[in-house]
Amino acid sequence: MYLSKILKAWSYIKYFIFLTKNWDAGIAWHVLRNEQKGERKYGINTTGADDLENLEEIGIDTTHANIYMPVSYDLLEEIFAQLPLLPNTTTQHFLDIGCGKGRALCTAAHYGFTQVTGIDFSKALIDCAGKNLALTKKQIPALDYELYNNDAFYFEILEDVDCIFLFNPFDEVIMSGVVFNILESLKNHNRAITVIYVNPMHKEAFTIAGFEEVYYKKSMQYLEVSIMQYH
């Protein structure tokens, strides 16, 4: 127990250093405070960043991928609290593209989603997501989850998915493929669909395709979200 606490504290320290180096100390402190509260609240272990070097070492192309890091818990909770208030939102099946260790999937379960799906091209991250979702299922037995170790560019969007989450997981090349896959799914199975895009660097890929922004908030640099809908 004592060793696990030391390792957890060290993970927070490393994460703070990473955030300070890549963003700034103010954002790092804000995120870290929410990390500690969120991990305790949901009983999962998702803190930390991954530069994906281990994938490069085994020959997987990471040219179009961004470094893995989870969305801040406070922003995530605000998003899920906001969803029922938005027009034309009747979401049931939650898909996280670039799910990492599964933070958004686990939090979604606590906000009423009983069917969640995650996709990530890192097997190590998918394995972590599986462990965290298993912990969440102990708290929420009705939870049904699936995980796919796959490339988002080639992933066919499941026909009943109606809520998609992205935390800036890749560049515009992969995003264009994801938008195409979403439109193909809608063509085959017409339905309303909601896209939650955190740190939306390539939002225009969605708006050009006909998605309408119904909610937007930016509280700090990089703590930004756009929620879009397609009908």
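The values are calculated or read from the model by the stated rules, or taken from the named source; none is laboratory data. Computed from a predicted structure; not experimentally measured. Note that each Cβ is placed from the backbone with ideal geometry, even for glycine, and that neighbours are counted across all protein chains shown.
Taking into account only those residues within the range 84-101 that are touching a Cys at 6+ places or on another chain (Cβ under 7 Å) and either over 25 Å from GLU212 (Cβ atoms) or hydroxyl-bearing (Ser, Thr, Tyr) (or both), which is modelled with the lowest pLDDT?
Once the filter is applied, the top-ranked residue is THR91.
Of all residues in the range 200-221, how many are exposed (fewer than 15 other Cβ atoms within 10 Å of the Cβ), part of a strand (DSSP E or B) and charged (D, E, K, R)?
3
Exactly one of these conditions fails for ILE182: (1) buried (at least 20 other Cβ atoms within 10 Å of the Cβ); (2) closer than 29 Å to VAL31 by Cα; (3) at pLDDT 95 or above. Give me its number.
ILE182 satisfies all of (1) buried (at least 20 other Cβ atoms within 10 Å of the Cβ); (2) closer than 29 Å to VAL31 by Cα; (3) at pLDDT 95 or above except (2).
Every residue, every condition in (1) among the hydroxyl-bearing types (Ser, Thr, Tyr); (2) within 24 Å of GLU78 (Cβ to Cβ); (3) surrounded by fewer than 22 Cβ atoms within 10 Å (Cβ to Cβ); (4) in contact with a helix residue (DSSP H, G or I) (Cβ under 7 Å, 6 or more places away or on another chain), yes or no:
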{"residue": "LEU133", "(1), (2), (3), (4)": "no, yes, no, yes"}
{"residue": "GLN139", "(1), (2), (3), (4)": "no, yes, yes, no"}
{"residue": "GLU159", "(1), (2), (3), (4)": "no, no, yes, yes"}
{"residue": "ASN188", "(1), (2), (3), (4)": "no, no, yes, no"}
{"residue": "LEU223", "(1), (2), (3), (4)": "no, yes, yes, yes"}
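How many residues does the range 14-48 contain that are outside any helix (DSSP H, G or I) and either within 24 Å of TYR111 (Cβ to Cβ) or of a type in the set (A, V, I, L, M, F, W, C) (or both)?
Just the residues of the range 14-48 that are outside any helix (DSSP H, G or I), to begin with: 23-24, 43-48.
With the extra rule that they be either within 24 Å of TYR111 (Cβ to Cβ) or of a type in the set (A, V, I, L, M, F, W, C) (or both), the set shrinks to 23, 43-48.
Count: 7.
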